[in-house]
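The structure appears right after this line, and notes come after that.
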Amino acid sequence: MTLEKASYEQQVENLIAEAEALLSSYKQQWKGLSWREKVLLLVDLNIPISDLGVYSNYRVANLAARERLRLYFIEHVGEIIHKEELRVVSGISEFGRRVRELRVEDGYKIITGVGDSGEFLGLTPEEYKLLDKEPDLNAAHRWHIANRIKRETKGGSQAKILCFLKEFVGKVVTNDELYNVSGAKEFGRRVRELRTEEGYAISTKFTGRPDLRVGEYVLESLNRVADPHDRKIPYEVQKQVYERDNNTCRLCGWNHHKWTKQDPRILELHHIREHAKGGQNSLDNVILLCSKCHDKVHAKKLSVPDNILD
Ligand SMILES: [Zn+2]
Ligand SMILES: [Zn+2]
C-alpha cells in the first residue's frame with residue numbers, strides 16, 4: 001500500500017523541519033556542550049535524517065526495508081551501488097543482512113567485492129551490483145530445501161550434507177550450499193568422509209568429473225555405494241587413481257562424457273588383487289572401472305589383465 005501523495009509530502013516536510021530544528025539547536029549550543037551531550041544530540045538528529053532516507057521515494061516509504069532495497073536494486077540493475085546508499089534506502093544499520101536474504105532466499109544475483117566473483121568483476125567490499133532483474137527461483141528453492149534440512153535433520157553436519165546431496169542426485173551442488181546446510185567450516189572434510197568412509201559416489205573435479213569446477217560436487221547415484229572393502233582407500237590415493245586413469249574406465253574406456261539416462265554408469269575404484277587376499281590400498285593395486293565393468297568383474301564375467309598397469 002502506498003501513501004497518499006499529500007500525506008507523504010507532509011511527512012517529508014515534517015522530517016526536514018525536525019532535522020532543521022535539531023541542527024539549529026546544535027549550532028547554537030555545541031560550543032558549550034560536553035562530548036556526550038553532543039553525541040546525544042546527533043543521535044536525535046540521525047532519526048529524522050534516517051527517516052528521510054526511508055521517505056526518499058513515496059512509492060516505497062511504507063514498505064519493509066528489504067522490499068525497499070529490492071526495488072532500489074531493480075531500478076538500478078547493472079549499476080554499482082555503494083553500501084551507504086543501501087543504508088539510506090533501508091533506514092537500518094543491518095541492511096547487509098537484508099541484502100543477503102534477497103540473495104539467498106529470493107535468488108537475486110547481487111554481487112559484492114567479497115569472495116565469489118566480486119573481485120573478478122572489479123567491485124570493492126563496499127560496492128554491490130544486481131546482475132539480473134529476474135531472481136533465480138531455482139537457487140531460492142534450493143535455499144529453502146537447505147533450510148528445511150537444517151531444521152529437520154537429526155545428526156551432525158555430515159548427515160545434513162548427505163541429506164542435501166540426496167535431494168539433488170546427479171545435479172551440481174556448491175561449496176556455498178554445503179557450508180550453509182551444514183553450518184560446518186569443515187564441510188569439505190565431511191564430504192570426503194562420505195566418499196571414503198561411507199562409500200557414496202560423490203564426484204568432484206578430481207574424482208571422475210573434470211567438467212566440474214573446484215567447489216562443486218555431484219552425488220552420482222542413490223543406489224550404488226562402494227563395498228565396505230573399497231572404503232579404506234585413502235582419499236589421496238583415490239585422487240591419484242582418478243588422475244592416472246584419466247577419469248576413465250580401464251577396461252572399456254567409459255567416462256562421464258558418455259553418460260546417458262539409459263546407461264547411467266559411474267566410476268568406481270577396484271582392487272586388482274582383492275583386498276581380502278592381501279591386496280594393498282595403494283596406487284599400484286587400485287584402478288578405475290565403470291560400474292558396468294565393475295559388476296561384470298565381480299561376477300567373473302570379465303577379468304582384469306594382470307599386467308593392466310604395465
Ligand atoms: Zn567399463
Ligand atoms: Zn572391485
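The values are calculated or read from the model by the stated rules, or taken from the named source; none is laboratory data. Remember, it's a predicted structure, so these values are computed and weren't measured experimentally. Methodologically, a virtual Cβ is constructed for each residue, glycine included, from the backbone with ideal geometry; neighbour enumeration extends over all protein chains shown.
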> Of the residues that make up region 54-76, is at least one touching a residue at least 12 places away in the same chain (Cβ under 8 Å), β-branched (Val, Ile, Thr) and surrounded by fewer than 16 Cβ atoms within 10 Å (Cβ to Cβ)?
Replying inline: yes
>> Go through region 168-199 and report how many residues are surrounded by 22 or more Cβ atoms within 10 Å (Cβ to Cβ) and farther than 20 Å from residue 239 by Cα.
In response: 4
>> Exactly one of these conditions fails for residue 276: (1) of a type in the set (Gly, Ala, Ser); (2) more than 22 Å from residue 308 (Cβ to Cβ); (3) within 13 Å of ligand 2 (Cβ to nearest atom). Give me its number.
In response: (2)
> Looking at this structure, is residue 181 farther than 28 Å from residue 77 by Cα, assigned to a helix (DSSP H, G or I) and either in contact with a strand residue (DSSP E or B) (Cβ under 7 Å, 6 or more places away or on another chain) or at pLDDT below 95 (or both)?
Replying inline: yes
>> Just to be sure I understand, how many residues within region 19-41 are farther than 21 Å from residue 52 by Cβ, exposed (fewer than 12 other Cβ atoms within 10 Å of the Cβ) and not basic (Lys, Arg)?
In response: 4
>> From the list 84, 37, 79, 94, exactly one residue is among the acidic types (Asp, Glu), free of Cβ contacts under 8 Å to residues at least 60 places away in the same chain and under 26 Å from residue 9 (Cα atoms). Which is it?
In response: 84
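Within region 82-111, track down each residue that is of a type in the set (Ser, Thr, Tyr) and surrounded by 16 or more Cβ atoms within 10 Å (Cβ to Cβ). Break it down stepwise before answering.
From region 82-111, those of a type in the set (Ser, Thr, Tyr) are 90, 93, 108; that's our starting set.
Selection gives 90, 108.
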> Given the conditions (1) surrounded by fewer than 19 Cβ atoms within 10 Å (Cβ to Cβ); (2) under 30 Å from residue 199 (Cα atoms); (3) aliphatic (A, V, I, L, M), which single one is not true for residue 146?
Replying inline: (1)
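Per-residue answers, yes or no, for (1) in the same structural domain as residue 293 (by TED's automatic domain parsing); (2) away from ligand 1 (no atom under 13 Å from the Cβ):
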| residue | (1), (2) |
| --- | --- |
| 215 | no, yes |
| 221 | no, yes |
| 235 | yes, yes |
| 239 | yes, yes |
| 248 | yes, no |
| 259 | yes, no |
| 263 | yes, no |
| 277 | yes, yes |
| 280 | yes, yes |
